[in-house]
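Working notes, structure below.
The values are calculated or read from the model by the stated rules, or taken from the named source; none is laboratory data. Only a predicted model underlies this, so the values are computations on that prediction, with no experimental measurement involved. Don't worry about glycine lacking a Cβ; one is built from the backbone with ideal geometry, like all the others, and counts go over all protein chains shown. Side chains are part of the model used for accessible areas, which takes the heavy atoms of the whole protein and leaves out ligands, DNA and RNA. Shrake-Rupley method; radii C 1.70, N 1.55, O 1.52, S 1.80 Å.
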Amino acid sequence: METKNELYKYCLRLGDDALILGHRLSELCSKAPFLEEDLALTNISLDMIGRAQAFLKYASELSDNFITEDDIAYRRPENEYYNHLITEQPNGDFAHTIVRQFFVSVFEYHFFEALTKSKDKSLAAIASKTVKEVKYHMEHATDWVVRLGDGTEESHRRMQIAIEDLWMYTGEFFEMDYVDDILLSAGIAVDKSLIKEKWMKEIIKPLEEATLILPAYTHMQTGSKKGIHTECLGHILSEMQYLQRAYPDAKW
Amino acid sequence: MKTTNDTQFDLWEVFIQSKPGLPHIHAGNVHASDAKMALQNARDTYTRRGEGTSIWVVPSANIRASNPDDHEMLFDPSNEKMFRHPTFYTMPEGAKNI
């Protein structure tokens, strides 16, 4: 397969998004604002870690080395992770957790819907399963955006701050590089330029309903496609990879 | 049934249908601020292992319960009416789902 290397990288990007945000959400286990929300967030976390496993397993099959999905997840250095910067941002207060999920899930819904039409059968199959899960994540986050934005003065204030803080990480969603371009011409990857308009339309509506506004700044952070991350990722990895590094090949 | 120091959302009773055609059975309750959140919380709390095909939620305040003091009046009289149980029929051979 001519596009094997690009496809491997594509799988890492999709797997890493799910792995890192899934890990972030798992940090909320037993710490969410109330019991039912604790279950909802960890449920979303589990969906994402399952998705990470599927993509990283596929990546391990494409790799020339004899590696498993666990090797990929737990033994890469920070600069070989390709998750979007937004997925590694801290949970912050509940507003930050929700706004991050809202921006990501609306994007993922349209992305995976498009990926179901991929000519690569494995990607299309994972996408079909994912799109059902993400539809729920999107609905859950969107409802909270409206509730909190149009809630009390305090919840509105916190939501507006979260939007200001996280907006700069949304530009990355629509970046295309050589990996995207090569796979797109092979009918495998998603044309993200087509998603941008849908994403914008779909986030504006609930934000308006929630009386929230988009920031005035236009500068966007970038780097994850090259493995350049914010300071947050190293801290996640040090916790996530601790066991494999302290006890390589540990089994239980 | 709200107490003054309860800072949680309202209570909703949750009913889950395990297969189409079967009755919705009471599964427990969840806290939620509105019906939509109640449905989502019920889904996340009670159907994570493939238990359900349909969910009903009802505000707990709208449930009317029988008074425990009326227990004798309501339920004891049926105790001695064995003829109301369909136990006097012999099962036809090969009959299923009775």
Practice task
For every helix of n ≥ 4 consecutive DSSP H residues, a contribution of -39,500 (n - 2.57) applies; sum these over chain A, divide by its total residues, and give [θ] at 222 nm rounded to the nearest 500 deg cm²/dmol.
Solution key: -21500 deg cm²/dmol
Handout entry: Size of charge dipole - region B:10-84 - debye, nearest 20, with Cβ of Lys, Arg +1 and Asp, Glu -1, no other charges
Key = 520
Practice task
Relative to the longest principal axis of the C-alpha atoms of chain A, give the angle of the C-alpha long axis of helix A:193-209, reported between 0 and 90° and rounded to the nearest 10°.
Solution key: 30
Problem - Centroid-to-centroid separation of region B:39-98 and region A:29-73 [C-alpha atoms, Å] - result: 39
Fill in the blank from the handout: Out of A:Gly50, A:Ala124, A:Met220 - ranked by how far each Cα lies towards the positive end of the dipole of chain A, with unit charges on the beta-carbon of charged residues - the top one is A:Ala124
Exercise for the section: State the Cα centre-to-centre distance between region A:145-206 and region A:93-114 in whole Å. Expected result: 7
Handout entry: Accessible area in square angstrom per residue, region A:121-252, 1.4 angstrom probe
Key = 56
Exercise for the section: Write down Rg/Rh for region B:10-84, rounded to two decimals, with Rg from the C-alpha atoms and Rh from the Kirkwood relation over Cα pairs. Expected result: 1.14
Practice task
Work out the length of the dipole vector of chain A about its Cα centre, built from +1 on the beta-carbon of each Lys and Arg and -1 on the beta-carbon of each Asp and Glu, and round it to the nearest 20 debye.
Solution key: 480
Practice task
Report which residues of region A:146-186 become buried by 20 Å² or more of accessible surface when going from the isolated chain to the complete set of protein chains (1.4 Å probe; DNA, RNA and ligands ignored).
Solution key: A:Arg147
Fill in the blank from the handout: Once normalised by the length of chain A, the mean sequence separation of its alpha carbon contacts under 8 Å that are 6 or more apart gives a contact order in percent of 24
Completion exercise
Within 10 Å of the Cβ of an average residue in B:38-44, the count of other chain Cβ atoms is 5
Completion exercise
Taking Cα atoms only, helix A:4-26 is inclined relative to the longest principal axis of chain A by an angle, in degrees rounded to 10, of 40
Problem - Tensor-based shape of region A:150-252 (alpha-carbon gyration tensor, a/c under 1.5 rounded, otherwise prolate or oblate) - result: oblate
Exercise for the section: Compute the long axis of helix A:121-149 from its Cα atoms, compare it with the longest principal axis of the Cα atoms of chain A, and write down the angle in degrees, 0 to 90, nearest 10. Expected result: 20
Handout entry: Where B meets A: accessible area buried, both sides, 1.4 Å probe, Å²
Key = 1300
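Working from the alpha-carbon coordinates of chain A, get Rg over Rh, Rh being the Kirkwood radius.
0.96
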Exercise for the section: With a 10 Å radius around each residue's Cβ, average the other Cβ atoms per peptide and rank A:29-35, B:34-40, highest first. Expected result: B:34-40, A:29-35
Practice task
Report, in deg cm²/dmol and to the nearest 500, the calculated mean residue ellipticity at 222 nm for chain B, where each DSSP H run with n ≥ 4 adds -39500 (n - 2.57) and the sum is divided by the residue count.
Solution key: -5000 deg cm²/dmol
Handout entry: Derived scalar couplings ³J(HN,Hα) [region B:18-35; Karplus, 6.51 cos²θ - 1.76 cosθ + 1.60; whole Hz; x for Gly, Pro]
Key = 7, 9, x, x, 7, x, 6, 10, 4, 10, x, 9, 9, 8, 6, 8, 7, 4
Completion exercise
Within 10 Å of the Cβ of an average residue in B:29-36, the count of other chain Cβ atoms is 3
Problem - Under 18 Å from the Cα of A:Lys226 - aspartates and glutamates, other chains or at least 8 residues apart - result: A:Glu6, A:Asp16, A:Asp17, A:Glu78, A:Glu80, A:Glu88, A:Glu172, A:Glu175, A:Asp177, A:Asp180, A:Asp181
Practice task
Determine by what factor the alpha-carbon radius of gyration of region A:67-138 differs from 2.2 N^0.38 Å, reporting the quotient.
Solution key: 1.29
